[in-house]
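Asks: One structure is given below, represented as structure tokens, and several questions about it will come after.
The numbers here are math on the coordinates, done by the rules we state, and not lab data. Nothing here was measured: the structure is a model prediction, and the numbers come from that model. With ideal geometry, Cβ positions are generated from the backbone for all residues, glycine too; neighbour counts draw on all protein chains shown.
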Ligand code: SF4
């Protein structure tokens, strides 16, 4: 048990005695041989460009490298630098982001680009504290930009790094309470030179060797100094507090299709869940959902329409709660006006809208040719995997 842990009365980290300390040089040598080639990564020996590092790190929050890569390439082709992104309409940014999830990130991305231009003349600050003052940049992203783009001795701790460090030191406290301890241990490992490469080396080690279920310890450059490996139960780290699932919420979605080929949509408020995204009208989502009460919130038109309940439900899981939507569909006469707060959208334009994954599922659930939005790249990749 470490002295600090004893003093704090906490569970011990790194209990194994006689283990050599993990050396940054060994990991950097491994990285020089095995680093991943990623679209946003600078060639060996060069520093990352701050705009590219920031863009990729924001996209990678809670999303996989595989899902992010095509979005990153698309964003960079469309907005090659921070000034171009700052000048773009936010709706275009949201539309290009659609399918990547966690849409607050897209709004913050745009707000941050504007702040970098307005406050810093289009150059990202090098200092972690000044980076953190920008919209959407938290401790992790600030440290990643400072280390990778500016080689500052900063220590970003993402899920991969958290896992490697928790195993290396056999951290017994459970996440999320263990996070400060893991960050402290990660900082103690960070070398003064090549901090950016070191951070990326930790990320790569976690992604390719120290993987969540089956760490390949035989291939690890730190295996002789790893307390988790010595314990014989490396994969059981990091410890986690049991998850409390959010209560199921339920609601109704209303797909109104006009006879001349338009579908009724509206834009969600810019703040909050799926802020600024396009949706078909829905009732409130609640755990005490009542279908007949929900029907009272269906869109109303000049002429009466008949809402048909479609079989089945649309399921979606947000970070904090699962959701089930029943879907009602109605055919509306051509040229009928849209109710207040909604608009008619040509079916052909649906795929160009900032339609979140939930709404893609709702629209795909509704009958009728043309009600098929372009699948998100993640959904397309899943479908391709299923078909082989
Ligand atoms: Fe992870 Fe195994 Fe390396 Fe320890 S030895 S850091 S558990 S891969």
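Asks: Taking neighbour counts of Cβ atoms within 10 Å as a proxy for exposure, in what order, fewest first, do 359, 277 appear?
Replies: Values: 359 27, 277 24.
By the 10 Å Cβ count, ascending, the order reads 277, 359.
Asks: Taking other Cβ within 10 Å of each residue's Cβ, how do 309, 296, 213 sort, fewest first?
Replies: Working: 309 12, 296 9, 213 5.
By the 10 Å Cβ count, ascending: 213, 296, 309.
Asks: Between residue 248 and residue 335, what is the FRET efficiency for a Förster distance of 51 Å, r being their Cβ-Cβ separation, to the nearest 0.05? Don't jump to the answer; show the numbers that get you there.
Replies: On the way: r = 40 Å, r/R0 = 0.78.
Efficiency, from the Cβ-Cβ distance: 0.80.
Asks: Further, regarding this structure: Work out the FRET efficiency for residue 231 and residue 69 from their Cβ-Cβ distance, taking R0 = 35 Å, and round it to the nearest 0.05. List each step's numbers first, then the result.
Replies: Values: r = 35 Å, r/R0 = 1.01.
Once rounded, the FRET efficiency stands at 0.50.
Asks: Helix 50-60: angle to the longest alpha-carbon principal axis of the chain, degrees 0 to 90, nearest 10?
Replies: 70
Asks: Please give the direction-averaged projected area of the C-alpha convex hull for region 73-187, in square nanometres with one decimal. Numbers along the way, then the final one.
Replies: Working: hull surface 32.6 nm².
For region 73-187, averaging the hull's shadow over all directions gives 8.1 nm².
Asks: How many Å³ per residue does the convex hull of the Cα positions in the chain occupy? Spell out each step's value before the answer.
Replies: Numbers: hull volume 65.9 nm³, N = 388.
Residue-normalised Cα hull volume stands at 170 Å³.
Asks: Would you mind calculating the gained length between residue 179 and residue 219 on full extension (0.36 nm times residue separation, minus the Cα-Cα distance), in nm to one decimal? Mind dumping the intermediate values first?
Replies: On the way: separation 40, 0.36 × 40 = 14.40 nm, distance 2.63 nm.
Gain on stretching residue 179 to residue 219: 11.8 nm.
Asks: Got a sec? How would 110, 316, 34 order by Cβ neighbour count within 10 Å, fewest to most?
Replies: Working: 110 24, 316 18, 34 14.
By the 10 Å Cβ count, ascending, the order reads 34, 316, 110.
Asks: Please determine, in degrees from 0 to 90 and to the nearest 10, the orientation of helix 139-150 with respect to the longest principal axis defined by the Cα atoms of the chain, where the helix direction is its Cα long axis.
Replies: 70
Asks: What do you get for the angle between helix 104-120 and the principal long axis of the chain? Use alpha-carbon atoms, 0 to 90 degrees, nearest ten.
Replies: 70
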